[in-house]
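Have a look at the structure below, then the notes.
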Amino acid sequence: MNAAQPMGSRRVQCADPNPAPMIRRFPIRPLALAVALAAPVALYAQAPQNDLASVQRHLSATQTMTADFSQTDRNGRVLTGQLTLKKPGKIRFQYQKGVPILLVSDGKSLYFLDYQVGQKQRWPIGNSPLGILLNPERDASKFARVVPSNDPRIVSVEAYDPKRPEYGRITMVFARQPSAPAGLMLQGWVALDAQANRTTVRLTNQKFNVPVADNAFRFNEPSRPRR
């Protein structure tokens, strides 16, 4: 992607390898949030193949998903909202009322919108760590390892790409549930970014393969505050 492009009075920024500045009132790192969803990683030979195959089947079987989420940062601050996903390539994190930020993908690009400061940042969706959730052709067996657990009801999948350390680490947590796709329910994830900032996301009220309209991923352009 080229350097920043003017769009009238608005600015579109390319994402660089460094985390974006913290939001003034709501300290969210957009790249860290993206990392919190998934990250491409090398295959780990010791991963239990049956559980990894179940994760792949779950991802392949999930064409849409909605859920409520709560996001907790390393200082214990909590934000809530609703997650909407539709393959291929669309996802939306709609934060609670009063939080002037939005993370959304329209199927081609991933956008982080800050309505408080009038800023928009963009990543090509094909280069985003969101790919494992949004790309139905992505093979999870090549991008994850299963973390051993003492609880047989839980499947934890850790992702890390040593070639892209700025993506950090993520552990996605699934619960075995017969009614969920491939018998696995995505419960949330814990992400650790390159600056050792931990973000925990928990999902509730998950619904799979429900109707989701394409216009659910539209958004209003942020405008710069008047001085």
## Note on the structure
Scanning region 161-180 for residues that are farther than 22 Å from P136 by Cβ and either in contact with a Leu (Cβ under 9 Å, 6 or more places away or on another chain) or of a type in the set (S, T, N, Q) (or both), the one surrounded by the most Cβ atoms within 10 Å (Cβ to Cβ) turns out to be G168
#### Entry: Checking G118 against (1) free of Cβ contacts under 8 Å to residues at least 60 places away in the same chain; (2) among the small types (G, A, S); (3) in contact with a strand residue (DSSP E or B) (Cβ under 8 Å, 6 or more places away or on another chain), the condition it does not meet
(1)
### Message
Looking only at region 173-209, how many residues end up being in contact with a strand residue (DSSP E or B) (Cβ under 8 Å, 6 or more places away or on another chain), over 21 Å from Y95 (Cβ atoms) and touching a residue at least 24 places away in the same chain (Cβ under 8 Å)?
### Response
9
### Message
I need a count of the residues in region 181-199 that are in contact with a helix residue (DSSP H, G or I) (Cβ under 7 Å, 6 or more places away or on another chain) and either surrounded by fewer than 18 Cβ atoms within 10 Å (Cβ to Cβ) or not charged (D, E, K, R) (or both).
### Response
8
### Query
Checking S70 against (1) outside any loop (DSSP other than H, G, I, E, B); (2) buried (at least 17 other Cβ atoms within 10 Å of the Cβ), which test does it fail?
(2)
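Given the criteria open to solvent by 20 Å² or more (accessible area, probe 1.4 Å), at pLDDT 70 or above and among the aliphatic types (A, V, I, L, M), does V157 qualify? Walk me through it before giving the result.
Details: open to solvent by 20 Å² or more (accessible area, probe 1.4 Å): no; at pLDDT 70 or above: yes; among the aliphatic types (A, V, I, L, M): yes.
For V157, the condition - open to solvent by 20 Å² or more (accessible area, probe 1.4 Å), at pLDDT 70 or above and among the aliphatic types (A, V, I, L, M) - is not met.
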### Query
Wholly within region 151-207, which strands (runs of 3 or more DSSP E) include no fewer than the required count, namely at least 3 residues that are under 19 Å from T64 (Cβ atoms)?
184-192
#### Entry: Which numbered condition Q82 fails, given (1) surrounded by 18 or more Cβ atoms within 10 Å (Cβ to Cβ); (2) in contact with a Ser or Thr (Cβ under 9 Å, 6 or more places away or on another chain); (3) not hydroxyl-bearing (S, T, Y)
(1)
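The values are calculated or read from the model by the stated rules, or taken from the named source; none is laboratory data. Computed from a prediction, not measured in an experiment: that's the story for all the values here. Reconstructed Cβ throughout: ideal geometry from the backbone, glycine too, with neighbour counts over all protein chains shown. Surface areas here come from the heavy atoms of the whole protein model, side chains and all, with no ligands, DNA or RNA. Shrake-Rupley method; radii C 1.70, N 1.55, O 1.52, S 1.80 Å.
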